[in-house]
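None of the figures in this text is laboratory data; all of them are computed from the coordinates on show. As the structure is a prediction and not an experimental result, all values here were calculated from the model. Positions of Cβ are generated from backbone atoms using ideal geometry, with glycine treated the same way; all protein chains shown enter the neighbour counts.
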C-alpha cells in the first residue's frame, strides 16, 4: 500500500470513528478533576487543516493527560455547520467566515496559512508543455468555469484533441471556494467538473486519470514524508506574469519546502494561498480555549515542520487577545 493510500485510509478510519460524536450533537465534555475523567475536545471541518490539527492534538495530549480529541475531516462547510449547531467544539475552516455565519456566533482564530494548487496526472501526454507554460486565472477559468477549453490542444494552442477531464469537489469546502476566487468566480458553485468528495478523493481521481486536472490543498498534493509531489501527480505552476512561460523565478513547485517558502514570501498569489482558521460558536469552553491558546503560542513550533506557513506575530497575538485571560 502506498503512503498516499495509507493517508486516505487513515482519514477514512478517523471519519468512521468520529461519526457517533458528530451525530450526538454534543460538544466537549468538561473535565471532572475530582473523578479523574478526561476532557474531550471535538473538532471537524477542512481537510486543509486536518494534518496540522492531528499533529497539534498529538503534541498537546503529551502534556495534558486529561485531554482527548475526536477529530474528523469533512470539508470546511461541514465543520462550520457542526460548530454552529453545537455538534463540535471547534471547526477547521479554510476560507473566510461569511457575514451570516458571524451573525450566528462564529468566532475565528487565524492559526496558519497554506495554499491550493492545480494538479494533473504525472502521465499526462502533454505534461512537459503544460509545466512549461503553466496556468493563469484566464486559462483556469476557461477550464473550470466557462468550459470554453475542453481539450489539451485548446489549452496549449496545439493540434491535440485529447479531452481534459476536469475534477472539482462535491463537498462544501474552502479549497474549491478559494480556487474559484482565483479564477475570477465568486463561489464554489461556479466550478464545473466531475465532483469528488474530499481532498484525498480528488487527488486520487486525478492520480488515476492520465487526462485529469484538479486542485488540492498543498498537503494533499505533496507527500508528507518526502515533501515531493504525491506519486502519480504533478503540480501545475502558475504563470505569474502571464507571458506564457514559467521562468526560474516562477518555478518553486519541485517540493513542498520550496512552495511554502514562496507562500511565506508572498510570491504565490492570494488567492489561492489563504489563512486557515479554528472557529468556535461564541467564546469557546475552557478546554477548547486552552487548546486554541496553546495552538497560537507553543503550537506554532509545529506549523512549518508539518508543511504549513506561520502567520505573523501580530495576527497570532490578536487571536490570543480575543480569548481573553486564562
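Which order do 279, 320 fall in if you start with the one that has the fewest other Cβ atoms within 10 Å? Working shown, then result.
Details: 279 27, 320 15.
Ranked by crowding around the Cβ, least crowded first: 320, 279.
Most exposed first by the Cβ proxy, i.e. fewest other Cβ within 10 Å, how do 259, 155 rank? Show your work: numbers first, answer last.
Values: 259 26, 155 21.
Ascending number of Cβ neighbours within 10 Å: 155, 259.
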Checking 157, 212, 86 against a Gaussian network model of the chain (alpha-carbon springs below 10 Å), the top fluctuating residue turns out to be 157
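Quick check on the range 115-264: what are the equivalent-ellipsoid semi-axes from the Cα gyration tensor, as sqrt(5λ), descending, whole Å?
On the way: eigenvalues 77, 69, 50 Å².
Each semi-axis is the square root of five times an eigenvalue, giving 20, 19, 16 Å.
With N denoting the number of residues in the range 35-189, provide Rg(C-alpha) divided by 2.2 N^0.38 Å, to two decimal places. Kindly include the intermediate steps, with their values, before the conclusion.
On the way: Rg = 20.0 Å, N = 155, 2.2 N^0.38 = 15.0 Å.
Against the empirical 2.2 N^0.38 Å value, I get 1.34 for the range 35-189.
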Round to the nearest 10 and give me the degree value, 0 to 90, for the angle of helix 286-296's Cα axis relative to the longest principal axis of the chain.
40 degrees
For the chain, set up a GNM with springs between Cα atoms under 10 Å and report which of 44, 226, 94 has the largest fluctuation.
226
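To check you understand DSSP bridge types, tell me what percent of the beta bridges within the range 115-264 (both residues inside) are antiparallel, rounded to 5.
On the way: 11 of 17 bridges.
Bridges in the range 115-264 that DSSP calls antiparallel: roughly 65 percent.
Over 39 Å apart: what share of the alpha carbon pairs of the chain falls there, rounded to a whole percent?
Numbers: 7144 of 52975 pairs.
Result for the distance tail: 13 percent.
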Expected sort for 131, 49 with the fewest Cβ neighbours (10 Å cutoff) up front is 131, 49
Remind me, relative contact order of the chain in percent, using alpha carbon pairs under 8 angstrom and six or more residues apart?
23 percent
Treat each spin label as a single point 7 Å out from the Cα along the C-beta direction, and report the residue 58 to residue 241 distance in nm.
4.2 nm
GNM, the chain, Cα, under 10 Å: largest mean-square fluctuation among 132, 112, 265?
265
Suppose R0 equals 51 Å; then what is the FRET efficiency for residue 97 and residue 160 from their Cβ-Cβ distance, rounded to the nearest 0.05?
0.75
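May I ask you to derive the FRET efficiency for residue 228 and residue 264 from their Cβ-Cβ distance with R0 = 22 Å, giving the value to the nearest 0.05?
0.70
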